[in-house]
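To keep things clear, I will list the structure first and then write my remarks on it.
Laboratory data are not the source of any read-out in this text; all were calculated from the coordinates shown. The shown structure was predicted, so the numbers you read here are calculated from the model rather than taken from an experiment. Every residue, glycine among them, receives a Cβ derived from its backbone with ideal geometry; neighbour counts consider all protein chains shown.
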Amino acid sequence: MDIARIALSRHTCKAYDPNRRIPAEQIEQLKTLLRYAPSSVNSQPWHFVIAATDEAKQRIAKATTQPPYASNAPKILNASHVVVLCARTSMDDAHLAALLQLEEEAGRLPTPEGKEMQHKGRSFYVNLHRFDIRDTQDWMEKQVYLALGSLLLGAATLGIDATPIEGFDPRILNEELGLCARGLTSVVVAALGYRSGEDFNAKLPKARLPVETVISEI
Ligand SMILES: Cc1cc2nc3c(=O)[nH]c(=O)nc-3n(C[C@H](O)[C@H](O)[C@H](O)COP(=O)(O)O)c2cc1C
């Protein structure tokens, strides 16, 4: 596979064909990309809400009715599926204990010493962000963006068009989906589906900074 060709040919879809649906089997593959995205110290501080019905997409589009977000509403409404990528609102001891337990159950921590080391190592980074840098929310949201990156490139690999969307009102979306009560907050949205003839961005050339500006080899 020529992955660079996919990076060059993918684009942010600006208009979707409302009649085309992503096959269920490919949705399962995209779910796997989200779940298996890497995260710092395997913290997995995320949750993904997937809207597949018109009603569910309408609920998400409520967060894009006001300017300057309104241009995103038709993307959300006409896409096949829409993912709301959420971050946790806390990195608490219960979550750390749950992570340790799942790693143990997966067979990654065969000795008590290994388990202790893993817990200490993860707690070091979690506490660094919690108490010293005091940027736990930003840190968790960075992990969510890694899942977004996996999703976008993976979708393009499957021939699925996508739109990453930061242009929405998170307060409205959090309220509509009851996210805060679940210890979650919306970070970024991804519309997924197939472009329509109105997708002007499909025909535009890419604009990227020169390679020597963005990459140094030492
Ligand atoms: C995190 C993020 C948020 C974005 N938010 C929006 C958005 O709200 N609406 C939109 O149409 N495009 C959005 N974009 C698309 C960018 O404008 C686009 O990725 C960039 O211009 C590069 O173009 P390309 O994706 O077609 O290569 C977003 C992209 C990213 C990565």
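In terms of Cα atoms, the Rg and Dmax of the range 1-130 work out to 19.5, 56 Å. Working note: Karplus 6.51/-1.76/1.60 with θ = phi - 60° gives the range 64-76 the couplings 10, 7, 8, x, x, 8, 4, 5, 7, 4, x, 5, 5 Hz, where Gly and Pro are set to x. Among Met91, Met117, Met1, sorting on how many other beta-carbon atoms sit within 10 Å of each Cβ, with the fewest leading, yields Met1, Met117, Met91. The distance from the alpha carbon centre of the range 1-29 to that of the range 118-159 is 24 Å, rounded to a whole number.
Summary: within the chain, the longest segment free of GluC sites (Glu not before Pro) located in DSSP loops with at most 13 other C-beta atoms within 10 Å is 1-165.
Across the chain, the longest piece that holds none of the trypsin sites (Lys or Arg not before Pro) lying in DSSP loops with up to 15 other C-beta atoms within 10 Å covers 22-107. The fraction of Cα-Cα pairs per 10 angstrom bin, counted from 0 for the range 95-162, comes to 18, 31, 30, 19, 3 percent, rounded to whole percents. Relative contact order for the range 63-218: 38 percent, from Cα pairs under 8 Å spaced at least 6 residues apart, divided by residue count. As a proxy for reagent exposure, Ile3, Ile218, Ile22 were ordered by neighbouring Cβ count within 10 angstrom, fewest first; the result is Ile218, Ile3, Ile22.
Counting other Cβ atoms within 10 Å as a rough exposure proxy, the listed residues Ile76, Ile27, Ile6 run Ile6, Ile27, Ile76 from fewest neighbours to most. Computed from the alpha carbon positions, the gyration tensor of the chain leads to an equivalent ellipsoid with semi-axes of 33, 22, 18 Å, biggest first. Cα-based Rg of the range 169-218 per 2.2 N^0.38 Å, rounded to two decimals? This ratio for the range 169-218 stands at 1.93.
With N counted as the residues of the range 43-85, its alpha-carbon radius of gyration over 2.2 N^0.38 Å works out to 1.23. Starting from one equal scatterer on each C-alpha and no solvent at all, send me the Debye-based log10 I(q)/I(0) for the range 126-185 at q = 0.13, 0.15, 0.18, 0.30 Å⁻¹, two decimals. The calculated log intensity ratios at q = 0.13, 0.15, 0.18, 0.30 Å⁻¹ are -0.52, -0.67, -0.86, -1.10. Entry for the range 80-131 at q = 0.20 Å⁻¹: log10 I(q)/I(0) = -0.76, Debye formula applied to identical alpha-carbon scatterers, no solvent contribution. Taking a point 7 Å from the Cα of Asp135 along the Cα-to-Cβ direction, the residues of the range 89-121 with backbone N closer than 20 Å to it are 89-92. If we count every other residue with Cβ under 12 angstrom of Ile22's Cβ, Lys/Arg +1 and Asp/Glu -1, where does the sum land? Spelling it out: positives minus negatives among the neighbours equals -1.
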